[in-house]
Amino acid sequence: MMRSLLVRGMLAGLAAAAIALLIAWLYGEPQVGHAIAFEEAKAHTAHEGHEAEVVGRTMQRTGGLITAMAFYGVALGGLFSIAFAFAHGRLGALGARATAGVVALAGFVAVELVPFLKYPATPPAVGDPETIGSRTALYFGMVLLGVLATTAAVIARHRLAPGLGGWNATIVTAVGFAVVIAVFYRITPKPDAVADGFPATVLWDFRVASFGVQLVLWATLGLLFGYLTERAFQRNARSAAEPVPAGA
């Protein structure tokens, strides 16, 4: 069972990455090009030497992007299948498709939404190189916070539901989740990651594209994995219900 779930998750993740790749190509890559052009113009104005590219821009936006998205989708799909296996049967009477939807929503909130609201994506080449280390540590710290807070909220909702009812338990845990995240937003620093003079419209478009890529990726993964898994469960149930021929 776990092996089939893992394979199905990786395939669904690969398909989701292919769809998200279209969003990245159409909306994200043009903004990256604008960011690189901005930095090159800034370096030219300051009479700074232009560093030779280790990997050409054409390779970056084609083979490099395809490879990165493929590996990310497969890895995410594998982790998603493990989370689904843990959650299935522990969320009340939810079936396979609904459970996959809940896992996808929780994963998106924990891994993407929580860190994005505090540390939104920044185009490459426009940030202060001296703050890369601190910004990376803060971002992954916020991802960890999102995972822990989301997991705690799901567990708390499950335990409160018998006494408060489903809707009331959901409201209470959602409010508690928001309060915890707001407190950490308040106490964590936010380094200035964007160079002065960088076009605000390009920054906004890049962040919208980055958020859209993740939204499409998680939504497709949840919907596709849930659909395939539900069909597999139904097929297994029909096979188990079929009578065994006499003498078999």
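The values are calculated or read from the model by the stated rules, or taken from the named source; none is laboratory data. The shown structure was predicted, so the numbers you read here are calculated from the model rather than taken from an experiment. Neighbour counts are summed over all protein chains in view; Cβ atoms, including those assigned to glycine, are modelled from backbone coordinates with ideal geometry. With ligands, DNA and RNA removed, areas are computed over all heavy atoms of the protein, side chains included. Shrake-Rupley method; radii C 1.70, N 1.55, O 1.52, S 1.80 Å.
Among the residues of segment 120-128, is any within 22 Å of Arg8 (Cα to Cα) and of a type in the set (S, T, N, Q)? Spell out how you get there, then give the answer.
Step one: filter segment 120-128 for residues within 22 Å of Arg8 (Cα to Cα), giving none.
No, there is no match, as no residue in segment 120-128 is within 22 Å of Arg8 (Cα to Cα) and of a type in the set (S, T, N, Q).
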Matching residues in segment 137-162 - criterion: being more than 14 Å from Ala106 (Cα to Cα), open to solvent by 60 Å² or more (accessible area, probe 1.4 Å) and either among the aliphatic types (A, V, I, L, M) or modelled with pLDDT of 85 or more (or both) | Ala137, Tyr139, Phe140, Arg159, Leu160
Which pairs have Cβ atoms under 6 Å, sit 6 or more apart or on different chains, and link a residue in segment 208-237 that is in the same structural domain as Leu117 (by TED's automatic domain parsing) and within 30 Å of Tyr27 (Cβ to Cβ) to one that is open to solvent by less than 50 Å² (accessible area, probe 1.4 Å) and among the charged types (D, E, K, R)?
-> Gln214/Glu112; Leu228/Arg8
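Do any helices (runs of 4 or more DSSP H) entirely within segment 100-194 hold 3 or more residues that are free of Cβ contacts under 8 Å to residues at least 40 places away in the same chain, and if so, which? Please lay out each step first, then the result.
Numbers: elements: 114-118, 132-164, 166-187.
Those helices (runs of 4 or more DSSP H) span 132-164, 166-187.
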If you go through segment 64-71 one residue at a time, do you hit one that is free of Cβ contacts under 8 Å to residues at least 40 places away in the same chain and either under 23 Å from Ile155 (Cβ atoms) or in contact with a His (Cβ under 7 Å, 6 or more places away or on another chain) (or both)?
-> no
Qualifying residue in segment 56-71 (condition: modelled with pLDDT of 85 or more and either in the same structural domain as Ile155 (by TED's automatic domain parsing) or open to solvent by less than 40 Å² (accessible area, probe 1.4 Å) (or both)) = yes
Would segment 204-226 turn up any residue that is outside any helix (DSSP H, G or I), acidic (Asp, Glu) and either out of contact with any Cys (no Cβ under 6 Å at 6 or more places or on another chain) or open to solvent by less than 30 Å² (accessible area, probe 1.4 Å) (or both)?
-> no
